1. Condition (residue is part of a helix (DSSP H, G or I), closer than 28 Å to GLN41 by Cβ and either in contact with a Leu (Cβ under 6 Å, 6 or more places away or on another chain) or aliphatic (A, V, I, L, M) (or both)) applied to region 59-67: is it met by at least one residue?
2. Output the residue which, of all residues in region 191-216 that are over 13 Å from the mean Cα position of the chain (by Cα) and under 20 Å from ALA22 (Cα atoms), is surrounded by the most Cβ atoms within 10 Å (Cβ to Cβ).
3. Can you tell me which residue is nearest to the chain's Cα centre (by Cα) among those in region 12-23 that are assigned to a helix (DSSP H, G or I), in contact (Cβ under 8 Å) with a residue 40 or more places away in the chain and under 18 Å from LEU58 (Cβ atoms)?
4. For VAL219, indicate whether it is buried (at least 16 other Cβ atoms within 10 Å of the Cβ), β-branched (Val, Ile, Thr), under 30 Å from GLY121 (Cβ atoms) and in contact with a strand residue (DSSP E or B) (Cβ under 7 Å, 6 or more places away or on another chain).
5. Let me spell it out: the conditions are (1) more than 30 Å from ALA195 (Cα to Cα); (2) outside any helix (DSSP H, G or I); (3) out of contact with any strand residue (DSSP E or B) (no Cβ under 8 Å at 6 or more places or on another chain), and LEU143 meets all of them except one. Which number is the exception?
6. Just to be sure I understand the filter: pairs with C-beta atoms under 6 Å, separated by 6 or more residues or on different chains, first member in region 120-135 and on the phi > 0 side of the Ramachandran plot, second member surrounded by fewer than 24 Cβ atoms within 10 Å (Cβ to Cβ) and among the aromatic types (Phe, Trp, Tyr). Which pairs pass?
7. Filter region 47-64 down to the residues that are in contact (Cβ under 8 Å) with a residue 12 or more places away in the chain and small (Gly, Ala, Ser), then identify the one that is surrounded by the fewest Cβ atoms within 10 Å (Cβ to Cβ).
8. Among the residues of region 90-106, is any of a type in the set (Ser, Thr, Tyr) and either buried (at least 17 other Cβ atoms within 10 Å of the Cβ) or assigned to a helix (DSSP H, G or I) (or both)?
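The values are calculated or read from the model by the stated rules, or taken from the named source; none is laboratory data. Keep in mind it's a predicted model, so treat the numbers as computed, not measured. Cβ sites come from the backbone with ideal geometry, for glycine too, and all protein chains shown count toward neighbours.
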Amino acid sequence: MEIQFQGKRALVTGAGKGIGRAIAKKLVECGAETIALSRTQADLDSLKAEVKGIIPVLCDVADFDATRKIVQSLGPIHLLVNNAGITRLGSFLEFSMKDFEDVLNVNTKAVFNMSQVVAKGMVERGGGGSIVNISSVASTRALDEHIAYCTSKSAVDSITRVMALELGKHKIRVNSVNPTVTWTDMAAFAWSDPAKSGPMLAKIPMGKFVELEDVVNTVLFLLSDKSAITTGQHIILDGGMSAC
């Protein structure tokens, strides 16, 4: 199934590394004029050198006012991927409010902030659009020492459903992609210890974690007209874990 985005402008947050970087590169390959947001200049520089035509934008999505100004200056956006995310690990009893707020600011509040700005533009233009939020199976499962991360992704799923409900009449589709562990630098930080990864893998019938390509392909499908009737959905990528 060939997917093309000629004539579309896409924006990907957290595009400097991992999942976001892979999505941004594939969007360019599929013909979209792609804006890559990252808070790290070095990552943007390397991405620009690697991918001809990509538009790098330095932006910390946790700075809500600055983000709104930057995004409003970018012009029309037809496709949005809210990918930026962080994690902090720690036991519930010892977890700090500062770490809790940091995770929610990036993983949850930034999704609301970014989507509101982009969706208003979509509504004003009247041409519809597609928004994909990168969530996680952690939105519905309790993970040890992940109090902030699990909370943040549960909220992302709720945001996704409400956005889909309210924006459907404007021909704007909103979905989330919910993978289990996807082997990026952030995942390695949380799951590199075999004592943690082993029990998790044992719960996955397919016996493996998610590959970047698995997430990228699902995101592209949801952004495209191939999923024209799909909205308000959480697409779980977990190798069958939720079937157990």
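1. The initial filter retains those residues of region 59-67 that are part of a helix (DSSP H, G or I), namely 64-67.
If we keep only those that are closer than 28 Å to GLN41 by Cβ as well, we get 64-67.
Then drop every residue that is not either in contact with a Leu (Cβ under 6 Å, 6 or more places away or on another chain) or aliphatic (A, V, I, L, M) (or both), which leaves 66.
Yes, region 59-67 contains a residue that is part of a helix (DSSP H, G or I), closer than 28 Å to GLN41 by Cβ and either in contact with a Leu (Cβ under 6 Å, 6 or more places away or on another chain) or aliphatic (A, V, I, L, M) (or both).
2. Our first condition is that a residue be over 13 Å from the mean Cα position of the chain (by Cα); within region 191-216, this holds for 191-211, 213-214.
Imposing the further condition that a residue be under 20 Å from ALA22 (Cα atoms) reduces the set to 208-211, 213-214.
Values: LYS208: 13, PHE209: 20, VAL210: 23, GLU211: 14, GLU213: 10, ASP214: 16.
Per the stated criteria, the residue is VAL210.
3. Of all residues in region 12-23, those assigned to a helix (DSSP H, G or I) come to 18-23.
Next, only the ones that are in contact (Cβ under 8 Å) with a residue 40 or more places away in the chain stay: 18-20, 22-23.
Imposing the further condition that a residue be under 18 Å from LEU58 (Cβ atoms) reduces the set to 18, 20.
On the way: GLY18: 11, GLY20: 7 Å.
That would be GLY20.
4. Values: buried (at least 16 other Cβ atoms within 10 Å of the Cβ): yes; β-branched (Val, Ile, Thr): yes; under 30 Å from GLY121 (Cβ atoms): yes; in contact with a strand residue (DSSP E or B) (Cβ under 7 Å, 6 or more places away or on another chain): yes.
So VAL219 fits the description; yes.
5. Here LEU143 clears every test but (1).
6. none
7. GLY53
8. Of the residues in region 90-106, the ones of a type in the set (Ser, Thr, Tyr) are 91, 96.
With either buried (at least 17 other Cβ atoms within 10 Å of the Cβ) or assigned to a helix (DSSP H, G or I) (or both) added as a condition, the list becomes none.
No, region 90-106 contains no residue that is of a type in the set (Ser, Thr, Tyr) and either buried (at least 17 other Cβ atoms within 10 Å of the Cβ) or assigned to a helix (DSSP H, G or I) (or both).
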